[in-house]
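Following: one structure in structure tokens, then a few remarks.
The values are calculated or read from the model by the stated rules, or taken from the named source; none is laboratory data. What you are looking at is a predicted structure, and each value in this text was computed from that prediction instead of being measured. Virtual Cβ from ideal backbone geometry, glycine too; neighbours counted across all protein chains shown.
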Amino acid sequence: MSVEASEIVILPGPELPEEKSGIKESARRKLSSPWAVVVVVFITVIWTIPTVGLLVTSFRPAADAQNTGWWTFFRNPAVTFSNYAEVITGGTTMGTGIMPYFFNSFAIAIPAAIFPLILASMAAYAIAWVPFKGAVWIFFGIFALQVVPLQMALLPLLQMFNLGWSIGDIPIFPDLNKPGSQQSLLAGTYIPLWIAHTMFALPLAIFLLHNFMAQLPRDLMEAARVDGAGHFLIFRKIVLPLSIPAIASFAIFQFLWVWNDLLVAITFAGGTPDVAPITSYLATIKGSYGAQLHLITAGAFIAIIVPLIVFFSLQRFFVRGLLAGSVKG
Amino acid sequence: MTESVRFEDVSLLYPGGTVPAVSHLNLTIEKGEFLVLVGPSGCGKSTSLRMVAGLEPISDGKIFIGDRDVTNVAAKDRDIAMVFQNYALYPHMSVGENMAFALKIQKVPKEEIARRVQEAAKLLDLTEYVDRKPKALSGGQRQRVAMGRAIVREPHVFLMDEPLSNLDAKLRVQTRTQIAALQKRLGTTTIYVTHDQVEAMTMGDRVAVLKDGILQQVDTPRKLYDEPANAFVATFIGSPSMNIIHAKVVDGGAEFGGTVLPIEREVLAKADSDHVLVGVRPEDLNLAESGPEMKVTLVEELGADTFVYGTTPDGVNELVARSRGFTSPRVGDTVHVDPQRTYVFTATGTQARIK
């Protein structure tokens, strides 16, 4: 599932007129040679085979899936939808089924993609276009934060959500424990997940959006200023619409990352069925019911549908030449 | 309502720089006047314009729009409209939206916005393009949209930063006259920046010549041409530029290339060294039977005129003469020239005109 995500990381530039360089042309020529096509097709096929295996297995009867490899399906085709039915309804062994977790994933991933985008786009604009002392250093600082591994921050964050955090006597994050119990008010809510995902996403989001926004032509901002627009209007009316390709790229990237995340989810949501996402559920199918290959694959395919829809529906925002006609190069 | 603009001893020194980009600029642009700022690149003309817009800081001095001191007023609150060299149209908005943008910010009523945009579009011949995006327009149309965006504002002042430099030569001449006519019609105070002295001479009510951040002269085009304040203005205005001859001060005149050019005693008394600069416009330097000699190095036939380029026999001074004759000299010939009307500048310092 992470295949799509890794393809999106390359952000399209703002596509200034003078960017029609020879490098791009020669790269295009090299990539369209027949040998390159053969290699690309070969790699694509190899890359896709495991997913095809997954898909085939998800439609095979339980006994077949347990005992023979998926490729034997082509000699002995037997198709059933009962795997999907069992995963969705819960059937006899699967408890509530996948649907509550499916919706949890949405409830986690959508805000966790929107929050960092709102914060990061504003921060990126400020660093790129609001002149203030130390902007460069703040940007470097944020950039440097990307080297902090997520895993290192998990436990301190968990502690912060549960016990609060203060420097000396100054409270930075309040102690949200219910009076007289060891239960945090945040337990059983999506809030810790949203906060965690937002925090982990911000450095990269600010970095990418800043680099995109900084390339927008200065004259546009100046024209808007002369037209009477302040920073907020310039941001909303000029910079945001022109940054749609970058924002869409990052939205897809972040949504898929959160959708596929398991580590952050089980750390902050625990196994509680009212907040745990679909990945957590898939892990439990495997864990508590032994190797139920036919069910895992069916569950995985339900989980895969959403990233595919997101990717294809947002893809149209990767429009090129958004700046065409604005400034003459 | 249109307003005057006044620079009061304005200077700009960029942080870390040693030479000011603009130095002690004193200049008043009257209500409704079309003033052209002209000079070679890096002379501070665009910087001065951007100071009025509020896009450039001011280290020293004050700028007034009307009676209002705008030195520390943000660009968005100055009520000026600017046309950028590369137009800076908002690429995601249609032509109409581009023009309406500033009005929407000012919270002008919708019907009023529509009326003004329609009016401007009609004036600029853009009516059928109002719904198009800038990328679907030609260079000339984009330029007109940029003008339209300024016109609908009905601002205190128009600022134009080389708005014609991205157009091809023919369109530039055409648009030049259109802009000048439009300005007359609207009567809005306009500051226009260009490096092209022809544009400056044809468009401006007055022209301000800048060099190295210092104002050299402000005057009407005619006076600038006839009475340049110094050798720089003299050579900058006019094409081909004025001949400047290094001549030695002798009794009763200035001597170069073996000839003495008679100059009045009072004039020579004002010279600050034993040399002066003698200026002659190419059209005042005619080929003649006798007079100073010139060795021809290049002949340019332009149809109506023929310009003869050459050097004095000692090779020190380069000259350009306009030949009206039907037979023009050939390269390598030696001809005589006859300076009809001369200017004299001091050879050092500001090279001020003394005659």
Return yes when B:Val95 is aliphatic (A, V, I, L, M), surrounded by 15 or more Cβ atoms within 10 Å (Cβ to Cβ), more than 14 Å from chain A (Cβ to nearest Cβ) and in contact with a helix residue (DSSP H, G or I) (Cβ under 9 Å, 6 or more places away or on another chain) and no when it is not. no
Every residue in the range A:92-120 that is part of a loop (DSSP other than H, G, I, E, B) and over 15 Å from A:Tyr281 (Cα atoms), please. A:Thr92
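Residue by residue, here is whether (1) β-branched (Val, Ile, Thr); (2) in contact (Cβ under 8 Å) with a residue 12 or more places away in the chain; (3) under 30 Å from A:Ala65 (Cβ atoms) holds:
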position	(1), (2), (3)
A:Tyr84	no, yes, yes
A:Ile88	yes, yes, yes
A:Ala107	no, yes, no
A:Leu119	no, yes, no
A:Met122	no, yes, no
A:Trp137	no, no, no
A:Gly141	no, no, no
Here the residues within the range B:98-138 that are part of a loop (DSSP other than H, G, I, E, B), more than 9 Å from every other protein chain (Cβ to nearest Cβ) and touching a Gly at 6+ places or on another chain (Cβ under 7 Å) are B:Leu124, B:Leu126, B:Val130, B:Asp131
Which of the helices (runs of 4 or more DSSP H) found entirely inside the range B:145-227 contain at least 1 residues meeting this: away from chain A (no Cβ under 14 Å) and in contact with a Pro (Cβ under 9 Å, 6 or more places away or on another chain)? B:169-186, B:197-203
Under 6 Å between Cβ atoms, at least 6 apart or on separate chains: pull out the pairs that start in the range B:39-57 with a residue that is aliphatic (A, V, I, L, M) and end on any residue that is part of a loop (DSSP other than H, G, I, E, B). B:Met51/B:Ile58
Going by the structure shown, is A:Ala205 farther than 20 Å from A:Phe143 by Cβ and in a helix (DSSP H, G or I)? no
Take A:Phe318 and decide whether it is over 20 Å from A:Phe103 (Cα atoms), at pLDDT below 85, under 24 Å from the mean Cα position of the chain (by Cα) and not charged (D, E, K, R). yes
Top-ranked residue in the range B:1-10 [being without any contact (Cβ under 8 Å) to a residue 60 or more places away in the chain and buried (at least 17 other Cβ atoms within 10 Å of the Cβ); ranked as farthest from B:Lys211 (Cα to Cα)]: B:Arg6
Quick one: is A:Pro171 within 22 Å of the chain's Cα centre (by Cα) and either in a strand (DSSP E or B) or touching a residue at least 24 places away in the same chain (Cβ under 8 Å) (or both)? no
For the range B:285-329, which residues satisfy the criterion of being among the hydrophobic types (A, V, I, L, M, F, W, C) and modelled with pLDDT of 85 or more? B:Leu285, B:Met294, B:Val296, B:Leu298, B:Val299, B:Phe307, B:Val308, B:Leu319, B:Val320, B:Ala321
Filter result for A:Gln159 (in contact (Cβ under 8 Å) with a residue 12 or more places away in the chain and either within 19 Å of the chain's Cα centre (by Cα) or assigned by TED's automatic domain parsing to the domain that holds A:Ala201 (or both)): no
